[in-house]
Amino acid sequence: MNHLAHVVLAGANPLAITGAVLGDFWRGALDPAWPDALAAGVGLHRAIDSHTDRHPAVLGAKQLFEPGFRRYVGIALDVWFDHLLARDCEHLTGVPLAQVCAQAYQALKQAPPGLPPPFQIFVARLIANDGLGRSVDLEAIDATLGRISARLSRPNPLAHALPMLEALDQPLRRVFARLWPDLQALAEPLRR
């Protein structure tokens, strides 16, 4: 799952939302000085990523891609699943996408001081560019895949993944329809 899904699954607590995004920027043990909800958000992020990677529907979806692409399919699926969530946000969450984004951006603006600089830079760009809301836009999805591709140390096909994802839209929608309720059930008891 990418940032939009993590934010939605974190619930309404601003610190948990911040932790849900921070999960991509924090490795290793959690800081014991953090507020409980911030630590819970990072922990939930990790649980969601782990559950998604092992989910039978996701494992099956990886077989839809050419063998040379499969090493990177998890990344592409995370981005595409955010796109699917954005496209159908109100139906899946009961909340319009614009409201989800506004709540997330407000929470991220209140992030505690001392969090890693890459996280702070990312959050500033995410808010300035409406990165969560733009998940609905295919051009933004393509740009996201390109940025991820450029950050990876090895040559990879992610910058050219959008046509494959679009071609597989219907089967990937079915995969997401199986995955999303399981992630909601996973997240519910872990929220703070």
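Things to note:
- Subset tally (residues that are surrounded by fewer than 18 Cβ atoms within 10 Å (Cβ to Cβ) and farther than 20 Å from residue 1 by Cβ) for region 103-140: 13
- Residue 105 meets all of the listed conditions (1) within 27 Å of residue 129 (Cα to Cα); (2) within 13 Å of the chain's Cα centre (by Cα) but one, namely (2).
- Within region 146-192, the set of residues being within 25 Å of residue 44 (Cβ to Cβ), surrounded by 13 or more Cβ atoms within 10 Å (Cβ to Cβ) and either touching a strand residue (DSSP E or B) at 6+ places or on another chain (Cβ under 6 Å) or aliphatic (A, V, I, L, M) (or both) comprises 148, 172, 175, 177, 179, 183, 186, 187, 190.
- Scanning region 25-62 for residues that are within 21 Å of residue 84 (Cα to Cα) and either in contact (Cβ under 8 Å) with a residue 24 or more places away in the chain or over 17 Å from the mean Cα position of the chain (by Cα) (or both) yields a total of 15.
- Pair list, Cβ < 7 Å and 6+ apart or interchain, from region 97-119 residues that are touching a residue at least 12 places away in the same chain (Cβ under 8 Å) to residues that are polar (S, T, N, Q): 100/93; 107/18; 108/18; 111/18
- Failed item in (1) touching a helix residue (DSSP H, G or I) at 6+ places or on another chain (Cβ under 9 Å); (2) modelled with pLDDT of 95 or more, with residue 94 passing the rest: (1)
The values are calculated or read from the model by the stated rules, or taken from the named source; none is laboratory data. The structure presented is a predicted model; accordingly, all values stated were derived computationally and were not measured. In this analysis, Cβ positions are derived from the backbone assuming ideal geometry, glycine residues included, and neighbour counts consider all displayed protein chains.
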